[in-house]
Structures are given as structure tokens and as C-alpha cells.
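A short worksheet on the structure shown next.
What follows draws every value from the coordinates through simple rules; no lab data is involved. This one's a predicted model, so the numbers in the text were calculated from it and none came from an experiment. Neighbour counts are summed over all protein chains in view; Cβ atoms, including those assigned to glycine, are modelled from backbone coordinates with ideal geometry.
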Amino acid sequence: MPFADPEFRTDLERMLAYHSWARNKYLDLFEKLPWRVLTRKRGATFESIRNVHLHVMAAYASWLVPFFGQKRLRPLLRRLDEKRWDRIRSVEQLRAIDREVDSAARAVARRLGADDFDRKKTVGRFHGVKMFATPREVLWHLVEEDFLHHGEILCMLWQDDIEPPYTGVWWFEYDHDPERHRDSWHALPGFPRPSAGGYVSAKSRRTRSTSRGGKRKR
């Protein structure tokens, strides 16, 4: 159970804030990488790291505009058409898109009242039958998109032996409110901490051990 926090009325608000924090960790890393690493075709769902990131943004926008009435995102939704992804040529552009989408998503979650989350809304027809969804279902779907595809990006980074950013929820909680979480187990002295842009992986632990004169067990 996440720590109580008056800033987040619901778990959905907390998860959207978590993903905003995590995506920014990835964008910070992207800024340090050659652009060719981000656009290399890798046989992933949308081929490249850049494209998978843009797909996540497109997923958000494609629900925020029609379902939640975020009309201000309409021009961005057109830019996020898959056929136009090659026009995105810098991490600065990726970050600007992320800021715009994130602002709209979190504003929607804050605006919803307790009675709004489970109010059904028509989202289309399938073989003549109306289909419905609720705000709760749609927002959790977007949270799912973020989890799924950033796991995919993590694996693509590993293909190039690049350590992805550490995005454990414990560190989101700590970064969000260090004072409230200073006594948490993950903040204790001696507990392994990720580097500024790195991940505490088995490989990095072996590297540290070897550098200190330790022997790897076989």
C-alpha cells in the first residue's frame, strides 16, 4: 500500500504521477545517448525506442481528446500519427510532447469526482452493439500502456548494453517527499542505491565487486 499523501486523492493520481517521474528518468537518459540508438529498428512492437515512446504518448492522447474532452491536444494528436513519427528528431521534442500529454492526463485525474470514475460512456459500436467504458477503466489502461512499453524500452536498451534508469516506486516515493520517507527501509544507510542514471543490476553489482578486488563465484 503506498504511503498516505494528501496530494493524491486516488491510486490513479499516484500512478500517473509515478509514470510522469519515470518517463522523465528515461528522457534524461535519452539525452545522453546518440540519436541513432533511439531510432534503430529492433523488431519491437513499433521498431525503435523513439517510436515506442511516441506510441505511449499517442495512446494517452487518443483517449484524452475524445473520451475526456481535452481538445487542446487535438493538434498534438495529429502530430502523433504513426506516419509522422519520423518528424520527431530530438529528445527535446519528445520531452515537449511528454509535458503536454502529462499535464492533460493529470488534470483529468484531479478533476474527476468520486462519482465520476465509474460513470459509463459510449466509446463506439462493434457489430452494431454499443461499447462502453468508464474513466477508471480508461485511466488504468493508460497506466498499463506505460508499464508495458517502458518494460519494452528497458529491454531494447539492454540490447545495446545500456543500463536503463532505475524507476522503482520506492524511489518515486522518496523523491516525491524525502522527509516523509526518510525512515523507509530503502533509504537506510548501506542499502544499494542506483546511480544517477543507472540501474542496480546483477551486472553492475558484479562490476563493483570485481573493482574492489572481489572474486566472482562460479
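Out of the trypsin sites (Lys or Arg not before Pro) in segment 68-144, which ones are loop residues according to DSSP with at most 13 other C-beta atoms within 10 Å?
Filter output for segment 68-144: R89, R119, K120.
Going by a ≥ b ≥ c, the root eigenvalues of the Cα gyration tensor, does segment 1-150 fall in the rounded group (a/c under 1.5), the prolate group (a/b larger than b/c) or the oblate group?
oblate
In nm, to one decimal, how far is the modelled label at D161 from the one at K130, with both set 7 Å along Cα→Cβ?
5.9
Suppose each label sits 7 Å from its Cα in the direction of the beta carbon; what would the R78-E179 distance come out to in nanometres?
The modelled label-to-label distance comes out at 4.7 nm.
Sticking to Cα atoms, compute the Rg of segment 61-181 to one decimal and its Dmax as the biggest Cα-Cα distance, whole number, in Å.
Both quantities, over Cα of segment 61-181: 17.4, 55 Å.
Show me, for segment 151-156, the HN-Hα J-couplings you get by feeding each phi into the Karplus relation (A = 6.51, B = -1.76, C = 1.60, θ = phi - 60°), rounded to Hz, glycine and proline as x.
x, 5, 4, 3, 5, 5
Would you work out the charge dipole size for segment 11-211 about its Cα centre, treating the Cβ of every Lys and Arg as +1 and the Cβ of every Asp and Glu as -1, and quote it to the nearest 20 debye?
700
For segment 134-150, what does the Karplus curve 6.51 cos²θ - 1.76 cosθ + 1.60, with θ = phi - 60°, yield as ³J(HN,Hα) per residue in whole Hz, taken in order and with x for Gly and Pro?
10, x, 4, 5, 5, 5, 5, 4, 5, 4, 4, 4, 4, 4, 4, 7, 6
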